Each structure stands twice: as C-alpha cells, then as structure tokens.
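Just below is one structure, and these are the notes that go with it.
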Amino acid sequence: MSVLIENPIGEGPGPTSGDFSTHAEPYRRELLAHCYRMTGSLHDAEDLVQETLLRAWKSFDRFEGKSSLRTWLHRIATNTCLTALEGRQRRPLPTGLGAPNSDPTAELVERAEVPWLEPLPHGGDPADPSEIVGSRESVRLAFVAALQHLSPRQRAVLLLRDVLQWKAAEVAEAIGTSTAAVNSLLQRARSQLDAVSPSADDQLVAPDSAEAQDLLARYIAAFESYDIDRLVELFTTEAVWEMPPYTGWYRGARDIIALIHQQCPAERPGDMRMVPFVANGQSGAAMYMRAGETYVPFQLHVLDIRPDGVSHVVAFLDESLFPKFGLPESL
C-alpha cells in the first residue's frame, strides 16, 4: 500500500511518496532489540514488533514528520510494550529469584510455570546505525536481567533516556507524563539498576575476538570429549552457572563441575556436540545430545567471557529457541 508521508525521516521539508514497509523495515531489528529489553522475551518481542508495525501502518497517513520515523516507531513500540506488560510477571534468571547459591549434589528443582528470561539472537551488520542502538552492552544478558527488577515504566524511561538518548521532554511526551515525572522515574531506575547490574569493570571479551574464539573452542572441546574436568581451567574463581527452568544456581568452578558430572545426561565422549553462535552480543554454544544416530537440541549456553576466563554461563533448556538462532533441528 502506497501512502503519502510527510518528512519520513524527520529531515528536510516536503512530502515523500513511498511504501510503508520500505521505510519501516530497516528499523525492524532495533525495534526487536527495544521490545526485547522491555520484556526480556524473544517470543514476546517478535509479537510486539509485529503489533507495532501494524499500528504504525494503520496510522501512517497521519504521520506528520515532526520527529524522525525511527523516533515515531520507537514511541509506538514503547507504548505497545507498556500495554502488554500490564499485570505480567517479570522474567528472571535463577540468580534473580533471591535464593543463595545451590548445592550441586542436591536434586534439581524445575519451575516450568515461571516466565524465564530468554536470549536474543545476534543479527545484522555491526556497522549499521540500527545495530549501534542494539549494541552489545545494551543487550547483554546481565543488563536485560537487571532491567527486570524495574517497573515497566521505569524500564521505558531508562531505555529511552540512556540507550536511545532521548531528551526528558521527548520521553514525557512519548509515554504521556511530565518531564518532572520522567526525571524522577529515571533517578529511581538508575539507583535500582546500580544495585543489581554488573559492575562497570566487568568487561566482556567481544565474541569475534581471537581470545574469545579460542576459549570457546576449548569449552566446546571439553564437552564434546566428555573431559568435564578440563573446564576447571576455563572458569573464573567466582564463576556462576544457571540453567532455567531449574531454579538453582551454582558458584565456583568446583561446584559447576560437580553439578555437570551429576546431572549431565551424557555418559561418554561423543554423546554431545556443540555449535558456536552469538546471543546478546556474547559468545554462545548450542548443545546437541546424541539420540540414536542423530543429535537433538538440548541447551543453549550463553557465556560471559572475560580476559581471565568464563565468568558466567546461562544454559537455556528451551528447544523452541534453536530455530530462532538459525540452528539446525538436528545434527
């Protein structure tokens, strides 16, 4: 459907004719990242982007170009997310439930009813401006998990101000409140985030670096050869392991190795195969488990890799996520 749009990118005078999808599609990826930060769910974010684009298409003939198309779409996406989040539970990781680290020899406790945090696939060209908005720091798993401690409106204000770099007045207009209220929400959000977010010196090694690729290769080799004890040298002293939908989390290489020895269904070398991938701007490895003559999806490992080793692993037991990352149904 072709419509008349005025000033579609917010620069220069005069109307421009064009198809809505042609103008909106370049922003799909960053809208997905925004909705993902708001919800903590890849599945929900995909649905919300679709709803955002539908709402935008329906009102596109009324778009006056007073702001850029990107800003207009993010405004719609933010309010779509706020409506969707009304009455919903936050999406935690096991470490966010408030319980102390678990005994690796204890029985696993599964809570499938909890809406757990989900990982985000990597996509697009890192040199693209839309990828800068969805940069590694702003989609890191720990950061998105920390956002879950905020109310939806606090999340919206913090993301619009600190990630998208909007002015307070722009945020106020977008969510229908005052500038003073925005500043108050932002102050509280930053304070709460400081209490739960990663420390500033917790810098991760980029997944495309030689250092990260070497460590990931050794991580994968240890699992595939079923030499789990070799993992000890790869983990940092205070490394953390968690695997939703199980509620427990484990601190320290020794406890992590004990847990894997006790709970991993593999029995011998060759029972596991792993495929590297990137999630949340971090290194990852998709684990497949032998089932007869093939290997079937088992876990998605998202790793925090620092210069001194692997400091955190979230192993997602959700087979429905594999296709989202372009991973094969079997090996």
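Roughly speaking, what is the centre-to-centre gap between segment 88-120 and segment 290-310 when only Cα atoms are used, to the nearest Å?
19 Å
Using θ = phi - 60° and the Karplus relation 6.51 cos²θ - 1.76 cosθ + 1.60, list the HN-Hα couplings for segment 254-265 in order, rounded to whole Hz, with x at every Gly or Pro.
Values per residue, Gly and Pro as x: 4, 5, 5, 5, 4, 4, 5, 4, 7, 10, 5, x Hz.
Helix 210-224 against the longest principal axis of the chain: what's the angle in degrees, Cα atoms only, rounded to the nearest 10?
Approximately 50 degrees, to the nearest 10.
Pull up all non-local amide H partners of Ser102: gap of 5 or more, or a different chain, and H-to-H distance under 5 Å with H placed in the peptide plane.
The answer is Trp249, Tyr250, Arg251.
Can you give the relative contact order of the chain as a percent, counting alpha carbon pairs under 8 Å and 6+ residues apart?
Values: 552 pairs, mean separation 54.0, N = 331.
Reported relative contact order: 16 percent.
Pull out the extension gain between Thr83 and Asp47, defined as 0.36 nm times the separation in residues minus the alpha carbon to alpha carbon distance; nm, one decimal. Don't skip to the answer; put the middle values down first.
Values: separation 36, 0.36 × 36 = 12.96 nm, distance 1.31 nm.
Additional length available on full extension: 11.7 nm.
If amide hydrogens are placed 1.01 Å from N in the peptide plane, which non-local residues have theirs closer than 5 Å to the one on Ser283?
So Ser283 has HN proximity to Leu303, Ile305.
Along the Cα-to-Cβ line of Glu211, 7 Å from the Cα, sits a label point; which residues in segment 269-297 have backbone N less than 18 Å from it?
281-284
Once you order the gyration tensor axes a ≥ b ≥ c over the Cα atoms, which shape class does the chain get: rounded for a/c under 1.5, otherwise prolate or oblate by comparing a/b with b/c?
Numbers: a/c = 2.27, a/b = 1.78, b/c = 1.27.
The shape class here is prolate.
Would you tally the net charge around Val232, using a Cβ to Cβ cut-off of less than 13 Å, leaving Val232 out, and scoring K and R as +1, D and E as -1?
Values: positive: Arg218, Arg230, Arg254; negative: Asp227, Asp229, Glu233, Asp255.
Around Val232, the charge tally is -1.
Decide, for segment 19-195, between rounded, prolate and oblate: order the square roots of the alpha carbon gyration tensor eigenvalues as a ≥ b ≥ c, take rounded if a/c falls under 1.5, and otherwise choose prolate if a/b is larger than b/c, else oblate. Please report the intermediate quantities before stating the final value.
Values: a/c = 2.02, a/b = 1.57, b/c = 1.29.
Verdict is prolate for segment 19-195.
Using the Karplus equation 6.51 cos²θ - 1.76 cosθ + 1.60 (θ = phi - 60°), what ³J(HN,Hα) coupling, rounded to whole Hz, does each residue of segment 26-35 give in order, writing x for Gly and Pro?
Each residue's phi maps through the Karplus curve to give x, 9, 4, 5, 6, 5, 4, 4, 5, 5 Hz.
Report the label-to-label distance for Arg62 and Leu97 in nanometres (one decimal), using points 7 Å from each Cα along the Cα→Cβ vector.
Distance between the two pseudo-spin positions: 4.6 nm.
Give me the extension gain from Ser151 to Asp19: residue separation times 0.36 nm, minus the current Cα-Cα distance, reported in nm with one decimal.
Details: separation 132, 0.36 × 132 = 47.52 nm, distance 3.65 nm.
Full extension from Ser151 to Asp19 adds 43.9 nm.
What percentage of the solvent-accessible surface of segment 55-104, computed with a 1.4 Å probe over protein heavy atoms, is contributed by carbon and sulfur atoms?
Carbon and sulfur: 45 percent of the exposed surface of segment 55-104.
For segment 19-195, what is the accessible area per residue in Å², given a 1.4 Å probe and the full set of protein chains?
Working: 8210 Å² over 177 residues.
Normalised by residue count, the accessible surface of segment 19-195 is 46 Å².
Would you mind checking which residues have amide H under 5 Å from Phe235's amide H? H placed 1.01 Å from N; only 5 or more apart, or other chain.
Result for Phe235 returns Val310.
Which ³J(HN,Hα) values in Hz, rounded to whole numbers, follow from the phi angles of segment 179-188 under the Karplus curve 6.51 cos²θ - 1.76 cosθ + 1.60, where θ = phi - 60° and Gly and Pro get x?
Taking θ as phi minus 60°, the curve returns 4, 4, 5, 4, 4, 5, 4, 5, 4, 5 Hz for segment 179-188.
Under 10 Å, Cα contacts only: if you run a Gaussian network model on the chain, which one of Thr177, Thr39, Thr95 comes out with the highest mean-square fluctuation?
Looking only at Thr177, Thr39, Thr95, the largest GNM fluctuation is found for Thr177.
With a 1.4 Å probe and all protein chains kept in place, how much accessible area does Asp44 have, in Å² rounded to the nearest 10?
Ignoring ligands and nucleic acids, Asp44 comes out at about 30 Å².
Taking only C-alpha pairs under 8 Å that are 6+ residues apart, what is the relative contact order of segment 250-298 in percent?
24 percent
So for segment 19-195, averaging the separation of alpha carbon pairs under 8 Å that are six or more residues apart and normalising by length, what relative contact order in percent results? The partial results should precede the final answer.
On the way: 165 pairs, mean separation 45.8, N = 177.
Taking the mean separation of contacting Cα pairs over the length of segment 19-195, I get 26 percent.
Computing the accessible area with a 1.4 Å probe over protein heavy atoms, can you report the carbon and sulfur percentage for segment 146-220? Working shown, then result.
Values: 1730 of 3650 Å².
Exposed carbon and sulfur together represent 47 percent of the surface.
So how much accessible area does Thr179 have, in Å² to the nearest 10, using a 1.4 Å probe?
The accessible area comes out at roughly 60 Å².
The values are calculated or read from the model by the stated rules, or taken from the named source; none is laboratory data. Since this is a predicted model, take the numbers as computed values, not measurements. Positions of Cβ are backbone-derived with ideal geometry, glycine not excepted, and every protein chain shown enters the neighbour counts. We work out accessible area using only protein heavy atoms, side chains counted, and drop any ligands, DNA or RNA first. Shrake-Rupley method; radii C 1.70, N 1.55, O 1.52, S 1.80 Å.
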